[in-house]
Every structure is written in C-alpha cells, then in structure tokens.
Amino acid sequence: MAVTDQILYTNRITYANKGNDFLSPLLADIFDQDDISLEQQTDVISLLGYVKTQAITPDQTFSIMVGAEELDFIEEGQDIPTMKRIRGKGKGFTIKQFGSRLEITKLFYKWIESAKPIEDADSSVREEWMRLAEDILSLQRGRRKTLNIEAMKLLTEGWTSTEAAGPGSATPYGQPLFSSAHPYGNGANAGTFSNVLTTPDEALSESSLQDALDKIKQTRLQNADRVMTPRVYKLVVSRVNAVTARSILNTPGNQVNMYSGTGSNANQMNTFSFSGNMVEIVELDQLGLITKDGSTIGDDNYWFLMNAEGCNTARAARHINLYEAEVKMYENDSNNNRYVQLDLGFAIDHYGLEAFVVGSRGSA
C-alpha cells in the first residue's frame, strides 16, 4: 500500500496534495461530535483522576513524589543542607496501538477531487456521503470506547500481576494493584497497608462501604506519609450496582447518618454524606462491558472507592500518549480503492495508584 494523499484535521479538513477542502468543514463537525451512546461518551480517564502524559522515549520510566521531607536542624553558621527530592521507584510502560479504517468508493473519491458542493452531487454520491458520515462517527466512537476500556481494565485487572506493564501489572514495589501488603517506610518504621476489604470480594453494602472508607484512610505514600483526604470520594460502580449504591446512600441507617450533601436528595442525586465523608456515585457502563472478542471488563459486581483528587495530584494513574489519533486517506495500489484510516498509540498504567483506591470484586 502506498500513502498518496493525506487528510489534515485542523479547523478545516484539507485534502493535502491538491489543497481542496475534503467534504468542507462539515466532516470536521461530524468527527468531533460526542452526542453518542453513554458507553462511549463517558470520559473514564478524567472521571477517575488519570493524568495525560506525553511519552518521550520507549524506555522512559515514571514514578510519583512520595511526600515532603522534613527540614533539617541547623546550627548557627552551618551550611543549609540541600533537600533531597524523594521519588518512588520507577516503572516503565508498553504502548499499544489501535486502529480501524473505512472504504471510499471510486465514484465518491472523484467527487471529492472535484471539490464541488454536496448539493450538486447525484443521489449515489449523496448516499455515499451519508454512509461515510456514519462511518466516521463510528471511528470516533471506537476511539473513545477503546480509551475507556483500557482505563477501566487498569482497575478490573489489578488483582493479579501477570503483565509487565499496563492493566494486570505489578506496582513499582512488586505487589498487585490490589493487595493486603503494600510496603511503605524504611527500617524500623517500615510497614504495609491494605487496599482490599477485610472480607475479600465483599458485595457492596453499608458495612462494606464503611470498611472501604476505613481502608482508604489508612493508605500511605512510600515514605509513610498519610494520603490527603479529598473533598469527595468516588464510589465507582456498574449500572447494575448503582441501584444498590443509591439504596444504601438514600436510606438512613442505625450506625451512620446518610443524606444528600446539599440537604436534599433531590438537589444532588449522586453525592452524599456517609459517616461524615462525602461520597459521589460514579456509574460506569464500562464495568461489566462485553467487548467484541467476547471477554468482559470485570463484571457488574465490581466496585471501587477512589480518591480521584489525590490520584490526579500525585499523577498516580497515567494515560501515556505516544501519538494522538491520526486520520489519513491512502490508496491501495493493487485495487485503486481508497480508505480513511484512524489509528492511535497509547498506554494506561499505574504508578502509586494503590494509595488512592480500595476495591472489591463483589462476589461474596
């Protein structure tokens, strides 16, 4: 295959070699639309506090700052010591590439070359235009859906460490993302913390949510500093489990006081005060999603309590970008068919995320 022409996505879409507008700015509007199904519209990466990072070299490593170091005591006239910047252990990443393409008929391509208005085209060209518009929307949806799936898999595959990088990989300290023995500190002050429930794989309930809150308040950075308390914790659930979550947070209990943070449940349906902590329900259809290869992203019973604010500040979960989605037109010399192709390269990985999330597979 030979790439002979390219489509440039700027404020207009340009047919590069000839300088003609490719389907006018209307195609750019179509490609940028996000009024699509909930599964693809949701931006999981932003919701969960992941940070976008540009990859510079393939062997680059990332880590997080592990807390402030105390100031040293100094005598009169003594030189002030230089503070050491303490970072956690580094960890690499593996870029994955994804892509898809759609075919353009020769008749339609000839009309593109002519740069004539769509109003002057015959019915067959108009039909092709509608098909191409729908296909380009599908490419955009597929891009967002792929990013969301990989972001969700970082949590759902965090119970084992079978991969070198990305979902299913170990922390920089050798533990699965979800473990009862995450190490912190050094020497006599070394210890471990847990980000799994007291009863493993416990279903979402009033008591298990309280357990998750207790756990997430005991997590530490690698230098043993405790983690900041966010303005609101995020309770990440599937659409099915959201029914249980709202039932728990809308029903006053004997042990905890549960009510909407704004004084009326009608005012703010998804954010509540639970045992004195603000908890927001984040309902994600990516949990339990069946992918095109027949596998499932976790299942409907998985749930997570996240300190997304702390995760974002510490840059503990990253969307590592090699290159943005590229769209180009090319010709297959063997059959003269032309294609519009979209591809992108990125990684989703964790670097200290264990201090900002507690999880359960909810199978108890």
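The values are calculated or read from the model by the stated rules, or taken from the named source; none is laboratory data. Keep in mind that what you see is a predicted model, and the values were worked out from it rather than measured. Please note: Cβ atoms are built from the backbone with ideal geometry, for glycine as well, and neighbour counts cover all protein chains shown.
Observations on the structure shown:
- Condition met for residue 198 (without any contact (Cβ under 8 Å) to a residue 24 or more places away in the chain, in a loop (DSSP other than H, G, I, E, B) and farther than 30 Å from residue 97 by Cβ): yes
- Qualifying residue in the range 258-272 (condition: closer than 18 Å to residue 359 by Cα and either at pLDDT 70 or above or in a helix (DSSP H, G or I) (or both)): no
- Matching residues, the range 213-231, being within 24 Å of the chain's Cα centre (by Cα) and over 13 Å from residue 354 (Cα atoms): 213, 228, 229, 230, 231
- Residues (modelled with pLDDT of 65 or more and in a loop (DSSP other than H, G, I, E, B)) located in the range 82-99: 89, 90, 92, 93, 94, 95
- Evaluation of residue 354 against (1) modelled with pLDDT of 90 or more; (2) in a loop (DSSP other than H, G, I, E, B) (one fails), failing number: (2)
- Residue in the range 241-254 that is at pLDDT 85 or above, surrounded by fewer than 17 Cβ atoms within 10 Å (Cβ to Cβ) and in a helix (DSSP H, G or I) present: yes
- Remark: pairs (first residue in the range 128-152, among the basic types (Lys, Arg) and part of a helix (DSSP H, G or I); second residue buried (at least 17 other Cβ atoms within 10 Å of the Cβ) and at pLDDT below 70; Cβ separation under 6 Å; 6+ apart in sequence or on different chains) = 141/40; 143/325; 144/40; 145/40.
- Residue count for the range 138-168, restricted to those that are over 23 Å from residue 318 (Cβ atoms) and surrounded by fewer than 18 Cβ atoms within 10 Å (Cβ to Cβ): 2
- Residue that is nearest to residue 97 (Cα to Cα), among those in the range 338-353 that are within 14 Å of the chain's Cα centre (by Cα) and of a type in the set (A, V, I, L, M, F, W, C): 346
- Residues located in the range 324-347, provided they are at pLDDT below 70 and more than 20 Å from residue 106 (Cα to Cα): 325, 326
- Among the conditions (1) surrounded by fewer than 18 Cβ atoms within 10 Å (Cβ to Cβ); (2) polar (S, T, N, Q); (3) at pLDDT 90 or above; (4) not in a helix (DSSP H, G or I), the only one that residue 171 does not satisfy is (1).
- Against the test of being farther than 22 Å from residue 246 by Cα and modelled with pLDDT under 90, the options 195, 223 yield a single qualifying residue, 223.
- Qualifying residue in the range 288-305 (condition: in a strand (DSSP E or B) and at pLDDT below 85): no
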